[in-house]
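This report concerns only the one structure given below.
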Amino acid sequence: MSRVYNFSAGPAALPLEVLQQIQDDIPDWQGTGMSVMECSHRGKEFVAVAARAESNLRELLAVPDDYSVLFPQGGATMQMAMAPLNLAEPGDKADYVVTGSWGKKAAGEAAKFCHANIAADAADRNFTYIPEESTWNRSENAAYLHYTPNETISGVEFHFVPGGDVPLVADMSSTILSRPVDIGRFGVIYASAQKNIGPAGITLVIVRKDLLGRARQGNPHLMTWKSYADSNSMTNTPPTFAWYVADLVFQWLQEKGGVEAIADINERKARKLYAAIDNSDFYSNSVAKDCRSWMNVPFVLADNALDATFLAESHAAGLTNLKGHRSVGGMRASIYNAVSEEAVDALIAFMIEFEKTHG
Ligand SMILES: *Cc1c(COP(=O)(O)O)cnc(C)c1O
């Protein structure tokens, strides 16, 4: 077996221990004589998985009791429509702080269902900063304020939680579980799974219970958070395999010491990698230092004619998926929870060597 260091932005690396557990479990899961994919979601074995995943997630993130934890399908993208459909009426205003492509997409989706006011937009500097909070143009009586705590493509992360007293709606797809978060500050948190949770196909939504009553009349059942809250997310057949893997990932994270422990490692991984970039004239990252992402580290080479060589040689060295998003160019190293410190060390060593050879 040969495993690479996988810096993919998503679907992203999963812990090897989890993959090995899946491999062991597949033919005969828990003495059922079948794989988890072949079991009823209403059977006692699967119901136990669902319950354990929720209780571990609640413990990992210290989710208060007045929040529901939901596991719909549809990814973060479906939540971009569900947020307005569950929190706003057609004429209502909702504020959007756009610090990258995902926030822009969320605002575009919301504009189909309500009045989406762009309270701030960092496109003027190519999504490399967060506009000063005091300059945000917030609406009076907004139904909610939406933002993207970590922009996966440009690598911009909020190291603070915005203020105000309207419900905060946060797309945490690429930062959830990477560090502690004060859930009580939020109205709704949503995240697609394929970065820090598990395989694509399941989504995490944490919603304050008092907001569940705001869904529009006539909303489709599967687009209504309350349907999931009322059915333990078994509104229809859930993505059982993805849910089972998420449960294993949550257990893995518990064994690692939880979110505080992984946050220390994540902080160190990011600090080392940015230091390596900043200490060289060969590599650079243009994101403002106070909002650099811990999870997604984009960087460019001084001479982009070397990009293809960098990608080919890094790939040959077992460091994969370093190509930057097409809208940004250059490179991007996504260093989620399952990407070890050893992987980051190997990347830094490769970068130093590459600069010596080609710089
Ligand atoms: C990956 C990602 C998404 C998209 O998730 P899907 O599962 O493809 O819908 C949305 N927002 C952010 C911040 C992401 O990182």
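Figures for the structure shown
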{"item": "Global geometry of segment 248-359, whether rounded, prolate or oblate, following the gyration tensor of its Cα atoms and the 1.5 cut on a/c", "result": "prolate"}
{"item": "Low-density loop cleavage sites - chymotrypsin sites (Phe, Trp or Tyr not before Pro) in segment 4-100, where at most 16 other Cβ are within 10 Å (DSSP)", "result": "none"}
{"item": "Which of K112, K226 has the fewest Cβ neighbours within 10 Å, and the rest in rising order", "result": "K112, K226"}
{"item": "Percentage of interatomic Cα-Cα distances in the chain larger than 39 Å", "result": "17 percent"}
{"item": "Tensor-based shape of segment 301-359 (alpha-carbon gyration tensor, a/c under 1.5 rounded, otherwise prolate or oblate)", "result": "oblate"}
{"item": "Check: the chain dipole with +1 on Lys, Arg Cβ and -1 on Asp, Glu Cβ, in debye", "result": "600 debye"}
{"item": "Shape parameters for segment 64-121, alpha-carbon atoms, Rg then Dmax in Å", "result": "12.2, 34"}
{"item": "Cubic angstrom per residue, convex hull over Cα atoms of segment 201-311", "result": "214 Å³"}
{"item": "Share antiparallel - DSSP beta bridges, the chain, percent rounded to 5", "result": "55 percent"}
{"item": "Euclidean distance between Cα centres, segment 31-59 to segment 308-359, Å", "result": "37 Å"}
{"item": "Centre separation in Å (Cα based) which lies between segment 81-115 and segment 156-212", "result": "16 Å"}
{"item": "Span-like helix ranges in the chain, DSSP H, alpha carbon extent 27 angstrom or more, Kyte mean at least 1.0", "result": "none"}
{"item": "Kirkwood hydrodynamic radius (C-alpha pairs) into Stokes-Einstein, segment 232-287, 25 °C and 0.890 mPa s, D in µm²/s", "result": "169 µm²/s"}
{"item": "Residue-wise HN-Hα coupling along segment 166-178, computed from phi with Karplus coefficients 6.51, -1.76, 1.60 (Hz; x: Gly, Pro)", "result": "8, x, 8, 10, 10, 8, 9, 3, 9, 10, 3, 6, 8"}
{"item": "Percent RCO, i.e. relative contact order, over the chain, from Cα pairs under 8 Å lying at least 6 residues apart", "result": "23 percent"}
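Read-outs: derived from the displayed coordinates by stated rules, not from any lab. Computed from a prediction, not measured in an experiment: that's the story for all the values here. Cβ atoms come from the backbone with ideal geometry, glycine included; neighbour counts cover every protein chain shown.
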